[in-house]
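What follows is one structure encoded as structure tokens, with my remarks underneath.
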Amino acid sequence: TKPMGGARLLIAGDRSHAGKSTISLGLLCSLLDAGYKPSELAYIKPATQCVSSTLTARFCEEHGIACEHIGPVVFYRGFTREFLDHEIDAAEQSADESSARSEAHEEGVSSHHRTPTRPLPLTKCVAAVERISEGKRLTIIDGVGYPSVGSIVGCSSADVALACRAPVLIVSKSGIGDAIDSFNLCARYFEMQHIPVLGCIFNKAAKSGYYGLPTCRHYLRAYMTKFRPRQRVYGLLPQHEALAALSVDETCGISYSHPEAGLHAGPLSQPDRQGTEVLSR
């Protein structure tokens, strides 16, 4: 079945703080410049480890783009323990029920097969994506951590991409060897689950030097052309003081519980505007 709303794109990263939200913002800026109306776009981070306001969220609020920067699943401290405790209890109860059904079946009473269901965290994420995507041309889904973060509760970026039928764009570190190795590790995690990987954007590229932007661009594109011809390098984002300053300010706020729903990200500051201008160039 086709997903509600328009196209979706999940932005994944090779690690936490890889630049997923920054690239999401850059894409939103580019889409507005290309003629998309704010009402045609949406941004959501359905699962997160952080509860701080981000530049991407502040940009969306100012420009009237539908935004949910703290989604229904927050991996607060103790979240996985609570989930596993609940699942273990549920598994024990299910085992008891299964044993009872087996005994009843042996006595001639029909038993019913239970259809496997999605884990509750993933169900919440999918519902949030479906809700915000309705009536939109494109929804940007911001992934969490590296590709398998959240897999312990069945709600990794790969799980979300698969359930939401969203292809993936990977944000990786810059360089050459380590950059490609990191990309391949992430890409294969998605590909093993038959999730389309469109390609990659390499972040924080040095402007000059041995691993400068021109050299890295040449070799990264050469590798992709020869060994991954179905994918492409969508760009290299150079290091910039304005973006570096923002990344320092946007420290990850760790929570001990799920924050209140509907929290506003707040207005754009002057440094925010400078960072946005860099991404719009």
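The set of residues from the range 183-199 being among the polar types (S, T, N, Q) and touching a residue at least 24 places away in the same chain (Cβ under 8 Å) comprises just one member, Gln193.
Out of the residues in the range 131-157 that are touching a residue at least 24 places away in the same chain (Cβ under 8 Å) and of a type in the set (Lys, Arg), which is surrounded by the most Cβ atoms within 10 Å (Cβ to Cβ)? Across the range 131-157, the extreme among qualifying residues is Lys136. For the range 7-50, taking the residues that are of a type in the set (Ser, Thr, Tyr), under 19 Å from Lys173 (Cβ atoms) and out of contact with any Asp or Glu (no Cβ under 9 Å at 6 or more places or on another chain), the one that is surrounded by the fewest Cβ atoms within 10 Å (Cβ to Cβ) is identified as Ser16.
Of the residues examined, Val168 is not one that is closer than 30 Å to Gly35 by Cα, surrounded by fewer than 24 Cβ atoms within 10 Å (Cβ to Cβ) and at pLDDT 95 or above.
Filter the range 126-146 down to residues that are under 24 Å from Asp85 (Cα atoms) and within 11 Å of the chain's Cα centre (by Cα), then give me how many there are. Within the range 126-146, residues that are under 24 Å from Asp85 (Cα atoms) and within 11 Å of the chain's Cα centre (by Cα) number 2.
Scanning the range 56-82 for residues that are among the polar types (S, T, N, Q) and free of Cβ contacts under 8 Å to residues at least 60 places away in the same chain yields a count of 0.
The values are calculated or read from the model by the stated rules, or taken from the named source; none is laboratory data. Just so we're clear, the structure is a prediction, and the values are computed from it rather than from any experiment. As a convention, Cβ positions derive from the backbone with ideal geometry for all residues, glycine included, and neighbour counts pool all protein chains shown.
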